[in-house]
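Below: one structure, written as structure tokens.
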Amino acid sequence: MPLGVTVSMAMAAIGGCWWPLDFEPSWMRALANWMPTTWTMQAFNDLMIRIQPMSAKLWPLATTLGLGTIFLAAGLVRFVSLDN
């Protein structure tokens with residue numbers, strides 16, 4: 001449980017939930033593209049701050065769902081390997 005909290009907090013920070021991605025170094029911004037929080041925050045900012053149409057959320061939503069599926073598959077593989 002502590003590892004999960006630590007990882008989720010790190011993902012939130014790297015993904016732009018704590019501060020804008022522009023404040024991060026370039027290597028961290030490249031890593032942020034692999035965090036679902038980055039895409040969720042992009043959709044949130046586009047809709048709430050930049051007043052984009054609802055269609056602006058489609059690409060970030062698809063990316064978030066794709067990354068979530070990858071993380072779910074990795075977790076299931078890990079869970080099944082621990083069960084044996």
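Some notes on this structure:
- With both labels modelled 7 Å from their Cα along Cα-to-Cβ, the Cys17 to Trp34 distance reads 1.9 nm.
- Correct choice for Kirkwood radius over Cα pairs in Å that was computed from the model, options [x] 14.9; [y] 14.5; [z] 14.0: [z]
- Couplings 3J(HN,Hα) for the stretch 31-39, derived from phi with the Karplus relation 6.51 cos²θ - 1.76 cosθ + 1.60 (θ = phi - 60°), are 5, 4, 5, 9, 9, x, 5, 4, 6 Hz, where x marks Gly and Pro.
- Peptide packing for 12-23, 49-60 was compared via the average number of neighbouring C-beta atoms within 10 Å per residue; ordered from the highest value, the list is 12-23, 49-60.
- Nearest 10 degrees, 0 to 90: helix 58-83 Cα axis against the chain principal axis: 10 degrees
Any read-out appearing in this document is the output of simple, stated calculations on the displayed coordinates, not a laboratory observation. What you see is a predicted model, and the numbers here were worked out from it, not measured in a lab. Counting neighbours? That spans all protein chains shown, and the Cβs are built from the backbone with ideal geometry, glycine included.
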